[in-house]
Amino acid sequence: MTSIPPQPTAPHDFEGDYRPANPDNPLAYLNPQNARVEAADLNYLVQLADALNTTLDLETLMRRTSELVREVIEYRIFAILLLNDRTHDLRMRFQIGHSPEVQRARIPLGQGIVGQVALTRQALLINDVATVEGYIPANPEMRSELAVPLIAKNRLIGVMDLESEKPDHFRPDHLHLLTMTASRIAQAIENARLYARVSRQAQTLTVLNEISAELTSILDLDPLLARIGQLLRRLIDYQMFSIMLLDDQGETLITRYAWRFGYAHAPLRRIPITSGLVGVAVREWRPINVPDVRKDPRYLPMNPETRSELIVPLFHKGRIIGVLDLEHTRAAFFNEEHERTLTTMAAQVAIAIENARLYQAVKRQERQLERDIAMAREVQLRLLPQAAPEHPHADMAVRFLPARTIGGDLYDFLDYGPGQTAIVLGDVSGKAAPAALFAALVSGIMRAAAAHCPGPAQMLKLLNDALQERKLESQYVVLLFALWNDENRTLQVANSGAVQPVFCRAGESVTVRAEGFPLGLFPDVTYEEFNIATQPGDAVVFISDGILDAENDEGEMYGDERLASLLCTHRGQAASQIAEAILADVTRFQGGRDRFDDETIIVLSVR
């Protein structure tokens with residue numbers, strides 16, 4: 001520690017002309033000029049009090065203090081140095097006359113004149129700095145110096161320092177005057193710092209609220225991480241930044257985003273939680289603030305420029321999902337306020353990251369589901385016959401337009417021996433994959449039973465009994481089963497709740513009133529069977545409910561009347577032409593509306 005010769009620091013040390021004439025008024029001196037000095041000093045005190053009481057801006061306060069001090073004490077250099085509570089050194093907060101290099105200097109307690117004043121809390125007046133051992137020559141032209149501690153509520157906050165190029169420039173009354181007012185200046189500085197701190201906190205909370213609202217609206221992880229880095233710079237002026245997330249095993253931190261000196265980059269960096277400062281933050285569940293990483297053996301030298309580092313873990317629902325890692329080239333850059341701000345922001349960041357991860361997982365599942373649906377649709381279409389069978393006395397055609405998702409429509413043509421074909425048209429309850437799977441089940445049971453050539457009513461009963469044995473909650477199927485006999489031109493029809501077929505002869509249409517319970521709902525159900533004798537020129541159409549229920553822009557349904565009219569209008573044409581005409585008319589009726597259900601048409605035209 002530098003040893004500095006004792007100097008007069010209190011009024012009772014004054015000698016000669018500067019001894020107070022009146023103990024009750026320290027400003028009343030015996031010097032003949034004491035009246036003028038007293039008036040100037042009183043004016044200084046009044047103006048100083050006014051300056052201290054009318055502003056809470058720290059920069060304005062210190063500038064006005066320097067101006068008022070100059071009115072009573074001439075100086076060449078003026079500086080106010082404040083104590084850093086974390087590093088315990090003095091840093092210049094305001095100055096007049098110093099070079100930029102000196103402004104950036106940090107003075108440890110006990111070093112130089114200001115360091116000695118801060119350590120001892122005693123003012124010093126140095127008439128000739130050249131005689132002081134350990135003097136720090138900030139400006140080689142300076143000869144005399146006056147330094148006063150700034151103490152507020154018995155706590156040192158800094159030092160006020162005046163320098164002059166003239167030896168013996170500062171007088172004891174100067175020392176007394178500054179000493180007397182130093183505590184008021186110190187308290188005003190503390191008030192201004194408190195106000196600035198509260199204002200920064202309010203501004204920080206406002207920014208954090210804006211950040212929170214913005215982050216919750218970003219659901220893609222990579223853009224979210226980049227935006228976090230951009231928004232964080234509104235709060236902390238870091239130079240290097242990275243977001244590291246834990247892997248699924250919770251054992252390794254993986255860099256997902258990094259920003260370095262103005263440029264974003266994402267190095268492939270994996271750090272086990274057993275090493276590095278980031279690992280300490282994860283293992284100990286707390287922020288890590290290192291003033292100088294060169295002095296910390298736990299630091300992994302990733303960036304050679306790094307001096308200080310601040311790491312805050314990201315918590316979500318009682319577990320750590322990663323860390324925010326800030327670095328700076330200046331030692332001891334990150335303070336407690338930075339730590340509080342980053343910790344507050346980390347909570348919102350963790351929620352936003354987890355939301356984005358959940359959104360990504362949902363998107364992956366949706367894509368996988370879309371692929372599964374596409375495959376199921378492909379399988380479903382391959383199970384359906386591509387063309388109708390041919391008979392000498394019957395022309396058959398089928399048209400199928402699937403909705404955008406997997407539907408439950410199923411149709412089939414089953415070979416019942418020479419000249420006989422079973423026409424099947426059904427609709428499974430529900431949509432998508434469950435409906436398609438249930439339709440495949442029904443189709444498999446039906447094809448197995450068709451080997452024994454049961455009649456339409458018997459086939460429906462067999463299917464219902466089989467589905468009762470394999471009963472699925474809320475699953476059923478409506479099915480129309482018709483058997484065409486080409487030799488005698490007859491049609492046997494049984495129905496389990498499907499759309500009733502429309503029959504047209506000589507321009508007149510009639511609905512075949514075949515009804516019955518859906519398959520799979522009730523046990524021990526029997527079904528009626530209808531026999532239709534046809535003539536050449538007759539036409540029969542079997543449709544799914546997607547045709548009748550198709551809606552136009554006004555919300556009207558296509559309905560069976562339009563269907564019957566169109567069927568009779570085109571009954572003399574080939575079955576394929578009739579089917580195409582019906583589909584075209586339904587499409588025209590729907591206009592621009594999307595199909596919400598499968599549309600299936602089977603036409604039988606008697607030759």
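Within segment 216-243, whose backbone N sits under 16 Å from a point 7 Å along Cα→Cβ of Val207?
Correct set: 227-241.
Using the C-alpha gyration tensor of segment 384-606, what are the square roots of 5 times its eigenvalues, in whole angstrom, with the largest one first?
Each semi-axis is √(5λ); the values are 25, 23, 15 Å.
If N is the number of residues in segment 216-360, what value comes out of its Cα radius of gyration divided by 2.2 N^0.38 Å?
Computed over Cα atoms of segment 216-360, the ratio equals 0.96.
Which residues' amide hydrogens lie under 5 Å from the amide hydrogen of His391, considering only partners 5 or more residues apart or on another chain, with H built in the peptide plane?
Residues meeting the criterion, in which the H sits 1.01 Å from N, are Met396.
For Ala152, what residues show an amide H to amide H distance below 5 Å, using hydrogens built from the backbone and excluding near sequence neighbours?
Long-range HN contacts for Ala152: Ile157.
Please give the Cα centre distance for segment 114-155 versus segment 186-252, rounded to the nearest Å.
40
Using the count of nearby Cβ atoms within 10 Å as a rough guide to exposure, how do Ser275, Ser144, Ser496 rank from fewest to most?
With the fewest neighbours first, Ser275, Ser144, Ser496 line up as Ser275, Ser144, Ser496.
Loop only per DSSP, at most 13 neighbouring Cβ atoms within 10 Å: give me the trypsin sites (Lys or Arg not before Pro) in segment 430-502, ordered by residue number.
Within segment 430-502, the qualifying trypsin sites (Lys or Arg not before Pro) (loop, at most 13 other Cβ atoms within 10 Å) are Arg470, Lys471.
What is the distance, in nm, between label points placed 7 Å from the Cα along the Cα-to-Cβ direction at Lys471 and at Asn154?
Simple spin-label model gives 8.6 nm for this pair.
Relative contact order for the chain using alpha-carbon pairs under 8 Å, separation at least 6, rounded to a whole percent?
In percent, rounded to a whole number, it is 8.
Considering Cα pairs under 8 angstrom that are at least six residues apart, work out the relative contact order of segment 216-360 and quote it in whole percent.
Once normalised by length, the contact order is 26 percent.
To the nearest 0.05, how large is the calculated FRET efficiency for Glu336 and Gln365 if R₀ is 41 Å and r is the Cβ-Cβ distance?
Working from the Cβ atoms, E equals 0.40.
Which whole-Hz couplings ³J(HN,Hα) result when phi for each residue of segment 451-466 is put into the Karplus expression 6.51 cos²θ - 1.76 cosθ + 1.60, θ = phi - 60°, listed in order with x for Gly and Pro?
4, 9, 6, x, x, x, 5, 5, 4, 4, 5, 4, 5, 5, 5, 5
Set the Förster distance to 25 Å, then compute FRET efficiency between Arg104 and Arg200 from the Cβ-Cβ distance, nearest 0.05.
Computed FRET efficiency for Arg104 and Arg200 comes out at 0.65.
Identify, among Pro523, Leu472, Ile189, the residue whose Cα sits farthest towards the positive end of the charge dipole of the chain, taking +1 on the Cβ of Lys and Arg and -1 on the Cβ of Asp and Glu, with the dipole about the Cα centre.
Farthest towards the positive end: Ile189.
What percentages make up the Cα-Cα pair-distance distribution of segment 175-301 when the bins are 10 Å wide from 0?
Distribution as computed: 10, 26, 30, 17, 9, 5, 1 percent.
Residues of segment 213-232 with amide nitrogen under 14 Å from the 7 Å Cα-to-Cβ point of Ala264?
218-232
How would you rank Tyr263, Tyr411, going from fewest to most other Cβ atoms within 10 Å of each one's own Cβ?
Sorted ascending by nearby Cβ count, the order is Tyr263, Tyr411.
If I model a spin label at Thr526 and Arg607 as a point 7 Å from the Cα along the Cα→Cβ vector, what separation in nanometres do I get?
About 3.8 nm separates the two model spin labels.
Determine ³J(HN,Hα), in whole Hz, for all residues of segment 293-300 in sequence, where each value follows from phi through the Karplus function 6.51 cos²θ - 1.76 cosθ + 1.60 and θ = phi - 60°; x replaces Gly and Pro.
Working through the residues one at a time gives 5, 5, 9, 10, x, 6, 6, 9 Hz.
Of the listed values (1) 3, 17, 28, 27, 17, 7, 1, 0; (2) 3, 15, 22, 25, 21, 11, 3, 0, 0; (3) 3, 12, 15, 11, 8, 9, 8, 7, 6, 6, 6, 5, 3, 1, 0, identify the label whose number matches P(r) over Cα pairs in 10 Å bins from 0, in percent calculated from this model.
Calculated P(r) over Cα pairs in 10 Å bins from 0, in percent: the matching label is (3).
With a 10 Å Cβ neighbour count serving as the proxy for reagent exposure, in which order, fewest first, do Arg283, Arg184 appear?
Neighbour counts put them in this order, fewest first: Arg283, Arg184.
Measuring from label point to label point, each 7 Å out along Cα→Cβ, what is the Asn488 to Glu165 span in nm?
Those two pseudo-labels are separated by 13.3 nm.
When the chain is fully extended, how far beyond the present Cα-Cα distance does Leu358 get from Asp296, taking 0.36 nm per residue of separation?
Difference between extended and current length: 18.6 nm.
For a quick check: with amide H placed at 1.01 Å from N, whose amide H comes under 5 Å from His316's, ignoring anything fewer than 5 positions away on the same chain?
The answer is Ile321.
To the nearest 20 debye, what is the magnitude of the charge dipole of segment 216-360 about its Cα centre, counting +1 on the Cβ of each Lys and Arg and -1 on the Cβ of each Asp and Glu?
Charge dipole, segment 216-360, about its Cα centre: 40 debye, nearest 20.
Suppose the chain between His88 and Thr274 were pulled fully straight at 0.36 nm per residue; how much longer would it get relative to their current alpha carbon spacing?
Residue separation times 0.36 nm, minus the Cα-Cα distance, leaves 63.7 nm.
Place a point 7 Å from Cα of Gln230 in the direction of its Cβ. Which residues in segment 182-216 have their backbone N less than 12 Å from it?
Inside the label zone: 215.
Can you give the extra length, in nm with one decimal, that the chain gains between Glu305 and Ser183 once fully stretched, where that is 0.36 nm per residue apart less the Cα-Cα distance?
Length gained between Glu305 and Ser183: 39.8 nm.
Just so you know, all these numbers are worked out from the coordinates, no wet-lab data involved. Quick caveat: nothing in here was measured; it's all calculated off a predicted structure. Methodologically, a virtual Cβ is constructed for each residue, glycine included, from the backbone with ideal geometry; neighbour enumeration extends over all protein chains shown.
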